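Here's the structure we're looking at; comments come further down.
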Amino acid sequence: MLCSLSLAGRAQDKTLKDQDALKDLSKKATELFAHGEIVKAIEALRPYWPLPKNEIDNVEEKSLTAMNLVTERFGKFIGTLKIKEQKIADIAFKEKYLIRLNNTAIRLTFIYYKSNDGWIVNSFKWDDNFIEEFE
């Protein structure tokens with residue numbers, strides 16, 4: 001399963017000031033997502049995500065549908081774990097988290113970009129391909 005959207009316009013109205021703020025946002029969105037609060041997780045990202053409203057709404061809708069199937073198949077939430085962070089100089093920052101379920105894990109990837117105005121969400125993606133993290 002995969003749900004992903006990347007930069008496609010400039011509709012965000014806020015920026016994040018530093019990497020600590022990015023980490024806080026990723027952690028908050030992950031916790032909300034893990035507890036089935038998909039709408040709240042997407043809403044936390046929305047002000048910083050330069051995509052048109054309808055595209056963010058679309059990822060929200062697809063995530064709701066897919067996560068219902070995931071939890072039916074793989075069990076209930078048992079925890080979250082930050083597994084990686086990387087940066088490219090002072091212009092890009094990536095964090096990865098796992099949401100642990102009884103029988104598998106879901107990987108969330110957040111990529112941020114430093115615009116002229118501050119940090120924005122460049123992309124948010126989630127999938128069940130955490131096996132790639134062994135490479």
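Each reported figure results from applying straightforward, stated rules to the coordinates on display, with no laboratory input. What you see is a predicted model; the values in this text were computed from it and never measured. Every residue, glycine as well, gets a Cβ built from its backbone with ideal geometry; the counts of neighbours run over all protein chains shown.
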TODO: Assign one of three labels to region 55-100, namely rounded, prolate or oblate, based on the Cα gyration tensor with a ≥ b ≥ c the square roots of its eigenvalues; rounded applies when a/c is under 1.5, prolate when it is not and a/b is larger than b/c, and oblate otherwise.
DONE: oblate
TODO: Extending each Cα 7 Å along its Cβ direction at Asp127 and Asp18, get the distance between those two points in nm, one decimal.
DONE: 3.4 nm
- [ ] For the chain, set up a Gaussian network in which alpha carbons nearer than 10 Å are linked by springs, and say which option among Ile42, Ile99, Ile78 fluctuates the most.
- [x] Ile78
Task: Calculated from backbone phi, Karplus (6.51, -1.76, 1.60) coupling profile of region 115-124 in Hz, x at Gly/Pro - done: 7, 5, 8, x, 7, 10, 6, 8, 7, 9
Task: Exposure proxy ranking, count of Cβ atoms within 10 Å, fewest first, for Val39, Val59 - done: Val39, Val59
Open item on the list: Rounded to whole Å, give me the distance from the Cα center of region 63-99 to that of region 42-58.
Closed with: 17 Å
Task: Long-range amide H partners of Asn122 with built H, under 5 Å - done: Ile111, Tyr112, Tyr113
Open item on the list: Can you tell me which of Ile106, Ile38, Ile88 moves the most in a GNM of the chain? Springs connect C-alpha atoms under 10 Å apart.
Closed with: Ile88
Open item on the list: With every atom except the alpha carbons ignored, what do you get for Rg and Dmax of the chain, in angstroms?
Closed with: 14.2, 43
